[in-house]
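Report on the structure given below.
The values are calculated or read from the model by the stated rules, or taken from the named source; none is laboratory data. Remember, predicted model here, so these are calculated numbers, not experimental data. In this analysis, Cβ positions are derived from the backbone assuming ideal geometry, glycine residues included, and neighbour counts consider all displayed protein chains. Only protein heavy atoms, including side chains, enter the accessible area calculation; ligands, DNA and RNA are left aside. Shrake-Rupley method; radii C 1.70, N 1.55, O 1.52, S 1.80 Å.
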Amino acid sequence: KNQSIEANEMAGAFCTIFESKGAAMRLLKKMIDDEIAESDSSDTLFRNSVAGRTMGAYSKLIGLNYLKAVLRDPVLKVCENARVLEVDPRKLSEGDNLDENWDRLKEASQEFLDAITDSVYKCPMEFRELCHYILTQIETKFPDMDNATALSYVGRFILLRCLIPALVCPERYDIIKNPPSMKARGALIRIGSGLQCLALGIQVGERDVHMIPMNEFIIR
């Protein structure tokens, strides 16, 4: 078992134990305080840290119904249309059109983004409290940061620690009952990668040359 899986399991155990005592939110706020206080740069906040993993575990603990409500329909649509979302030229079936498949994949990515941005009213109050706390603590630590930039860090947390993991592995979150097919998994991973780049404010680079068309979705 690799260290990343072990760290995620430990974070989940922390959340379960503290939530059973009604103290999970207090634990998370203390972790957020410590990480922000020790950080010299906002760019490194919650990147593979105990606080970031624990917040992700907490969002899963209290937000499963939210994740299902937001992601189930677009995930099912990807699973049903996986063949025409294939964009690896080596894996195209006879008669498939790469450009048309890319158009469909970018359209599917936009559907996920729309579902996420339209879901604020479905978000659990505990989750909203946590996001608001992150925002206020970042603004306190980095007073010269404008509000839009500070909000982008909250958005990164929501996407990277909550929504993208559920999108890529929907069966682990009971969004769908059975694991997606290999083609559907590939499409979900590519959509997740596009949303991750969007959250981080970066574009796909030359190292992932076959994914460069996703930049059209990222920058628009």
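Please count how many residues of region 118-139 are in contact (Cβ under 8 Å) with a residue 40 or more places away in the chain and either surrounded by fewer than 17 Cβ atoms within 10 Å (Cβ to Cβ) or within 30 Å of residue 75 (Cβ to Cβ) (or both). Lay out the reasoning, then the answer.
Residues of region 118-139 that are in contact (Cβ under 8 Å) with a residue 40 or more places away in the chain, as a first pass: 119, 122-124, 126-127, 129-130, 133-134, 137-138.
From the residues that got through so far, the ones that are either surrounded by fewer than 17 Cβ atoms within 10 Å (Cβ to Cβ) or within 30 Å of residue 75 (Cβ to Cβ) (or both) too are 119, 122-124, 126-127, 129-130, 133-134.
Residues flagged as in contact (Cβ under 8 Å) with a residue 40 or more places away in the chain and either surrounded by fewer than 17 Cβ atoms within 10 Å (Cβ to Cβ) or within 30 Å of residue 75 (Cβ to Cβ) (or both) within region 118-139 amount to 10.
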I'm trying to understand the selection: among the residues of region 99-129, which are under 19 Å from residue 188 (Cβ atoms) and of a type in the set (A, V, I, L, M)? 105, 108, 113, 115, 116
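Based on this model, can you work out whether residue 176 counts as assigned to a helix (DSSP H, G or I) and not aromatic (Phe, Trp, Tyr)? So that I can check it myself, show each step before the final result.
Working: assigned to a helix (DSSP H, G or I): no; not aromatic (Phe, Trp, Tyr): yes.
When the stated conditions are applied, residue 176 does not pass them.
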Going through region 20-30 one residue at a time, which ones are of a type outside the set (Lys, Arg), surrounded by fewer than 20 Cβ atoms within 10 Å (Cβ to Cβ) and closer than 14 Å to residue 52 by Cα? 25, 27
Conditions (1) open to solvent by 50 Å² or more (accessible area, probe 1.4 Å); (2) part of a helix (DSSP H, G or I); (3) more than 18 Å from residue 82 (Cβ to Cβ): number failed by residue 185: (3)
Yes or no: region 146-165 includes at least one residue that is assigned to a loop (DSSP other than H, G, I, E, B) and either open to solvent by less than 40 Å² (accessible area, probe 1.4 Å) or touching a helix residue (DSSP H, G or I) at 6+ places or on another chain (Cβ under 9 Å) (or both). no
Can you give me the number of residues within region 75-103 that are in contact (Cβ under 8 Å) with a residue 60 or more places away in the chain and either under 15 Å from residue 182 (Cα atoms) or under 17 Å from the mean Cα position of the chain (by Cα) (or both)? 11
Residue that is acidic (Asp, Glu) and farther than 29 Å from residue 7 by Cα, where the choices are 139, 126, 86: 86
Any residue in region 7-28 that's over 17 Å from residue 133 (Cβ atoms): show its pairings with residues that are at pLDDT below 90 and open to solvent by less than 50 Å² (accessible area, probe 1.4 Å) at Cβ separation under 6 Å, as long as the two are six or more apart or on different chains. 7/53; 8/53; 11/53; 11/54; 11/57; 12/57; 14/54
